[in-house]
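Peer 1: Have a look at the structure that comes next, please.
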Amino acid sequence: MFRVSTAASLLLLIVAIAQELSVTAAEQDLPEGFPKCKRDANFDKCLVDAVNVAIQLLKNGNKEFGIPPLEPLAVKKLVIDAGNAPINLRQALKNIKVHDLISTSKILRYKTDLDKHLIICESRTDRIEMIGDYEMSGRILLLPITGHGKSNVTLLNTKIEHRLIGEPFEKDGVKYMRLKDYRVNFEPKRVYLNFENLFNDRTLSDGMNRFLNENWETVFNELKVGYAKSFGLIFRELSNKLFEKVPFDTIFQS
Ligand SMILES: *[C@@H]1O[C@H](CO)[C@@H](O)[C@H](O)[C@H]1NC(C)=O
């Protein structure tokens with residue numbers, strides 16, 4: 001008798017878990033506290049305020065949606081090489097922690113064309129501090145550079161342009177939109193670069209770091225396409241964690 005009821009309750013438990021799973025696999029609402037916007041004349045403006053609230057709510061991550069903590073944001077690897085930019089340099093940043101990215105960000109403008117699944121956004125981030133390990137070899141501003149060690153790349157007052165290019169898909173007869181491309185463009189007012197241990201030599205390293213910072217604008221121009229590509233991929237993956245679970249008409253109220 002005891003056995004039967006144990007088996008029965010086990011079965012119930014399994015059924016309950018299965019139901020739970022099927023619920024989370026089906027369409028979801030936006031995370032709690034996310035404001036929603038109606039697709040009317042005021043939509044783009046509404047979205048500015050809504051997303052400004054939403055990103056702060058996501059700062060510590062969201063387990064239900066599989067979103068990791070965004071501050072600091074952990075990035076395993078960010079590679080910049082000649083394939084990405086017209087430079088003869090390979091730079092890899094590894095085990096990076098990106099600080100301040102969310103709490104110092106403000107969305108300024110949205111321009112959407114939802115019929116074309118296109119969202120353009122302009123934001124401003126006061127501080128993006130990337131701390132991690134680097135490996136570098138090649139040339140920067142025509143000078144040979146090589147080394148590995150700790151790195152700190154910090155961007156101040158950065159205007160960021162986001163272009164989210166979506167495509168619709170259906171799940172159980174419901175329309176969703178996923179992002180197939182997320183393009184980013186960074187325009188910082190100042191970039192500080194510090195690569196410890198360049199050339200495996202303290203004096204050469206200090207001199208080179210001074211040179212890089214004196215010429216930060218040109219240096220960053222050589223690097224920024226690579227950074228933008230890497231961040232575009234990260235932002236796309238994070239955004240899709242919401243877009244692929246929440247139906248289009250739930251996110252964008254008709
Ligand atoms: C990284 O560089 C910025 C700008 O120079 C500086 O303010 C910050 O303290 C540095 N961070 C670390 C961990 O060294």
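Peer 1: Taking the C-alpha atoms of the chain, how large are the radius of gyration and the largest Cα-Cα span, Dmax, in Å?
Peer 2: Here Rg and the maximum Cα pair distance are 22.6, 82 Å.
Peer 1: What net charge is computed for the residues neighbouring THR250, neighbours being all others with C-beta under 11 Å from the C-beta of THR250, Lys and Arg scored +1, Asp and Glu -1?
Peer 2: On the way: positive: LYS36, LYS175, LYS245; negative: GLU27, ASP29, ASP249.
After counting each charged neighbour, the total is 0.
Peer 1: Quick one: helix 2-25 against the long Cα principal axis of the chain, what's the angle to the nearest 10°, folded into 0 to 90?
Peer 2: Tilt relative to the chain: about 60 degrees.
Peer 1: With no other cysteine's Cβ closer than 4.7 Å, which Cys residues of the chain count as lacking a disulfide-compatible partner?
Peer 2: CYS121
Peer 1: To the nearest 0.05, how large is the calculated FRET efficiency for PHE169 and ASN88 if R₀ is 45 Å and r is the Cβ-Cβ distance? Don't jump to the answer; show the numbers that get you there.
Peer 2: Values: r = 41 Å, r/R0 = 0.90.
Calculated value: 0.65.
Peer 1: Right, another one. Report, to the nearest 10°, how far helix 43-57 tilts away from the longest principal axis of the Cα atoms in the chain, using its own Cα long axis and a range of 0 to 90°.
Peer 2: The angle comes out near 80 degrees.
Peer 1: Return ILE96, ILE120 ranked ascending by Cβ neighbour count within 10 Å, so the fewest neighbours appear first. Could you put the intermediate results ahead of the total?
Peer 2: Details: ILE96 22, ILE120 16.
Going from sparsest to densest Cβ surroundings: ILE120, ILE96.
Peer 1: So, one more: Given the DSSP H assignment, sum -39500 (n - 2.57) over each helix run of at least 4 residues in the chain and divide by its residue total; what's the result at 222 nm in deg cm²/dmol, nearest 500?
Peer 2: Values: 5 runs with 84 residues, N = 254.
Counting only the DSSP helices, I get -11000 deg cm²/dmol.
Peer 1: Ok, one more. Dipole magnitude of region 139-254 about its Cα centre, charges +1 at Lys/Arg Cβ and -1 at Asp/Glu Cβ only, in debye to the nearest 20?
Peer 2: The dipole of region 139-254 has a size of about 80 debye.
Peer 1: Quick check on the exposure proxy: order THR218, THR203, THR250 from fewest to most C-beta atoms within 10 angstrom. Show your work: numbers first, answer last.
Peer 2: On the way: THR218 11, THR203 8, THR250 17.
So the ranking, lowest neighbour count to highest, is THR203, THR218, THR250.
Peer 1: Just grab the label-to-label distance for ARG124 and ASN213, each label 7 Å out from Cα along the Cβ direction, in nm (one decimal).
Peer 2: Label-label distance for ARG124 and ASN213, simple model: 2.6 nm.
Peer 1: Sticking with this one: Quote the charge dipole size of the chain about the Cα centre in Debye, to the nearest 20; the model charges only the Cβ of Lys and Arg (+1) and of Asp and Glu (-1). Working shown, then result.
Peer 2: Working: 36 positive and 33 negative charges, 30 e Å.
Dipole magnitude for the chain comes out near 140 debye.
Peer 1: Just want the answer: with Cβ charges of +1 for Lys and Arg and -1 for Asp and Glu, which residue in TYR110, ASN95, VAL79 is farthest toward the dipole's positive end in region 79-139?
Peer 2: Ranked along the dipole, the leading option is TYR110.
Peer 1: Related question: When the dipole is taken about the Cα centre of region 79-199, and only Lys, Arg (+1) and Asp, Glu (-1) are charged at their Cβ, what size is it in debye, to the nearest 20? Mind showing how you got there, number by number?
Peer 2: On the way: 20 positive and 16 negative charges, 47 e Å.
I would put it at about 220 debye.
Readers should treat all values here as calculations from the given coordinates under stated rules, not as data from a laboratory. What you are looking at is a predicted structure, and each value in this text was computed from that prediction instead of being measured. No Cβ is skipped: glycine too gets one built from the backbone with ideal geometry, and neighbour counts run over all protein chains shown.
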